[in-house]
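The values are calculated or read from the model by the stated rules, or taken from the named source; none is laboratory data. The shown structure was predicted, so the numbers you read here are calculated from the model rather than taken from an experiment. As a convention, Cβ positions derive from the backbone with ideal geometry for all residues, glycine included, and neighbour counts pool all protein chains shown. Just so you know, the surface numbers come from the protein's heavy atoms only, side chains and all, with ligands and any DNA or RNA stripped out. Shrake-Rupley method; radii C 1.70, N 1.55, O 1.52, S 1.80 Å.
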Amino acid sequence: MPRSSVLARSCMGLLMRHNAGGGAQAALASPAMLQLARHASTVNHIDGKVCHPSLLNANVLKTQYAVRGELYLRAEELRMEGKEIIFTNVGNPHALGAKPLTFPRQVAALCVAPFLLDRPDVEKIFPKDAIARAKKILAAFKGGMGAYSDSRGNLLVRSEVAQFFTDRDGFPSSPDNIFLTDGASVSVRMMLNALIRDANDGILVPIPQYPLYSASIQLYGGALVPYSLDEKSGWSLSTDSIRSAVKKARAEGKHVRALVFINPGNPTGQCLSEANLKDLIKLCYDEKIVLMCDEVYQENVYQDERPFISARKVMKSMGAPYADGVEMVSFHTVSKGSAGECGLRGGCMELTNILPGAIEEVYKCASINLSPNTMGQVALSIMLNPPKPGDESHDQYMAEKAAELTSLRRRAHMVTDGFNSLEGVTCNFTEGAMYSFPRIHLPAKAIAKAKSLGKVPDVYYCLRLLEATGISTVPGSGFGQEEGTFHLRTTILPREEAMAVFVSKFRDFHNAFMKEFA
């Protein structure tokens, strides 16, 4: 075998071993690993295969995404073997029993099967406002749901999104600054790809963070610049710590390009105050940093002290120099909130105070994908422009929406209270979003056992939980956490009637685990 092939295979072997232990990124930073990777990069194929795992883009090999990582893969294996799995690893409401809102699905059905509109009994099957809405959408989508739209999304829907932002914030928005995408994740990746030029470009991300950010920054060859949230004070945000992170990154030769915040928080569930947002806006203005506003959970708020307020509204209300001086990108989606339409993949972003030339470049990149999916656009249209008072479907729509959000508020309390009743578990209240992020105070013997097996301790705990109960979670190490602490993320999405079973299974496992390693 050629020496280069041996080196490439050695590189792959090291990658696989470190992936198993959750340390691929650290492995790739080691001198031995880097030397092997350099040798492997001179090889074009192994055993005649160009698309060999060890010969892929190095950034692809380094990329980690814990939400669909080792725990999820093991859960799928167990499910295929017949074990009942409770997938609380991802915010996927319908998979855990949430029902779709009626009006959006009625309109979607008519849009995807327009021949139903020709039936003489259509008004006996569908309400009049759903019929009228479907006709309006179909008139705007030339060729219907099976045809490409503009690469930014259909103009009617972009206009509705802009009107939503205008009404929500009290400041005008333009459809020319709106992009529709296949879920908000695509919008986030699109902007990160545009902002990151090389490995010296840094993106400020809260820790703990949603792994979309760490994975995408790695994939596009940038640098994640972490800033810590304070668990002891309810996962609070400190601009002093962010300024310190900026100073440190710049001292290392990095260009800090953007700051990400998630409000309400994922995985931490905290809600930011107006004062928090003003501080972030001032920081971004002072430091000349793009503010990326992940506000996809804006409907998911379970406390009344800090209702959701958009960063855009706060910035515009601040006046000069901030209102027109801070570059801002805001994200929204149909996957969260009361809709929970994850599978329809509808999302959007609004670019505020971004130069027209830069928007044109983002448009060019969006054009590579030709068109966001049309059903996602329809879902976004209905979510942001729902039935109005007096419309036939209005009362039912509002009742269904309120029922789901009220139930989520109760479930936030049920999950948090359940965790805090356990020995060795502390959990801040889930103020918003769809998750709880409890800290598990693991016994020293459990930590030692995990390390003897080559596992990160919270990964070991979550694997044991999965095997014993079928509950699929995500270890805190996948989100980032303070050294020496261990967490997990679970959704609050199991239905109320199933929540007691979920809490009971978790309690029984945890008590047995703590006793085993006492």
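Details
- Flag for residue 133 being assigned to a helix (DSSP H, G or I) and either closer than 14 Å to residue 342 by Cα or hydroxyl-bearing (Ser, Thr, Tyr) (or both): no
- Residue in the range 185-196 that is within 20 Å of residue 476 (Cβ to Cβ) and out of contact with any Lys or Arg (no Cβ under 8 Å at 6 or more places or on another chain) present: no
- Restricting the range 35-67 to residues that are modelled with pLDDT under 85 and open to solvent by 70 Å² or more (accessible area, probe 1.4 Å), the residue that is farthest from the chain's Cα centre (by Cα): 42
- Qualifying residues in the range 93-130 (those that are part of a helix (DSSP H, G or I) and among the small types (Gly, Ala, Ser)) - the one nearest to residue 415 (Cα to Cα): 95
- Qualifying residues in the range 136-150 (those that are more than 12 Å from residue 373 (Cβ to Cβ) and not hydrophobic (A, V, I, L, M, F, W, C)) - the one modelled with the highest pLDDT: 136
Rundown of residues vs (1) at pLDDT 95 or above; (2) over 16 Å from residue 100 (Cβ atoms); (3) open to solvent by 50 Å² or more (accessible area, probe 1.4 Å); (4) in contact with a Ser or Thr (Cβ under 7 Å, 6 or more places away or on another chain), yes/no style:
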| site | (1), (2), (3), (4) |
| --- | --- |
| 329 | yes, yes, no, no |
| 347 | yes, yes, no, yes |
| 368 | no, yes, yes, no |
| 382 | yes, no, no, no |
| 388 | yes, yes, yes, no |
| 408 | yes, no, no, no |
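- Here residue 320 meets the list (1) assigned to a loop (DSSP other than H, G, I, E, B); (2) at pLDDT 95 or above; (3) within 30 Å of residue 486 (Cβ to Cβ) almost entirely, failing just condition (3).
- Flag if residue 358 is part of a loop (DSSP other than H, G, I, E, B) and at negative phi: no
- Close contacts from the range 331-356, counting a first residue that is closer than 13 Å to residue 177 by Cβ and a second that is among the aromatic types (Phe, Trp, Tyr) and open to solvent by less than 10 Å² (accessible area, probe 1.4 Å), with Cβ to Cβ under 7 Å and a gap of 6+ residues or different chains, come to 348/179; 349/179; 349/331; 350/165.
- Lone qualifier among 512, 518 - being in contact with a Pro (Cβ under 9 Å, 6 or more places away or on another chain) and either open to solvent by 10 Å² or more (accessible area, probe 1.4 Å) or at positive phi (or both): 518
- Number of positions in the range 314-330 that are among the hydrophobic types (A, V, I, L, M, F, W, C) and free of Cβ contacts under 8 Å to residues at least 12 places away in the same chain: 2
- Test for residue 253: is it over 29 Å from residue 431 (Cα atoms) and part of a loop (DSSP other than H, G, I, E, B): yes
- Per the listing 322, 297, the residue uniquely aromatic (Phe, Trp, Tyr) and out of contact with any Gly (no Cβ under 8 Å at 6 or more places or on another chain) is 322.
- The range 475-518, residues that are under 30 Å from residue 226 (Cα atoms) and in a helix (DSSP H, G or I): 476, 477, 478
- Count of the range 68-92 residues which are open to solvent by less than 60 Å² (accessible area, probe 1.4 Å) and in a loop (DSSP other than H, G, I, E, B): 7
- Matching residues, the range 424-473, being within 24 Å of residue 498 (Cβ to Cβ), over 21 Å from the mean Cα position of the chain (by Cα) and open to solvent by 50 Å² or more (accessible area, probe 1.4 Å): 464, 467, 468
- Residues within the range 474-485 that are touching a Gly at 6+ places or on another chain (Cβ under 7 Å) and open to solvent by less than 30 Å² (accessible area, probe 1.4 Å), tallied: 1
- Which listed residue, of 392, 361, is open to solvent by 80 Å² or more (accessible area, probe 1.4 Å) and in contact with a Pro (Cβ under 7 Å, 6 or more places away or on another chain): 392
- Matching residues, the range 285-317, being part of a strand (DSSP E or B) and among the acidic types (Asp, Glu): 294
- Boolean, residue 378 is over 22 Å from the mean Cα position of the chain (by Cα), in contact (Cβ under 8 Å) with a residue 40 or more places away in the chain and surrounded by 21 or more Cβ atoms within 10 Å (Cβ to Cβ): no
- Boolean, residue 156 is in contact with a Lys or Arg (Cβ under 8 Å, 6 or more places away or on another chain), of a type in the set (A, V, I, L, M), modelled with pLDDT of 95 or more and open to solvent by 30 Å² or more (accessible area, probe 1.4 Å): yes
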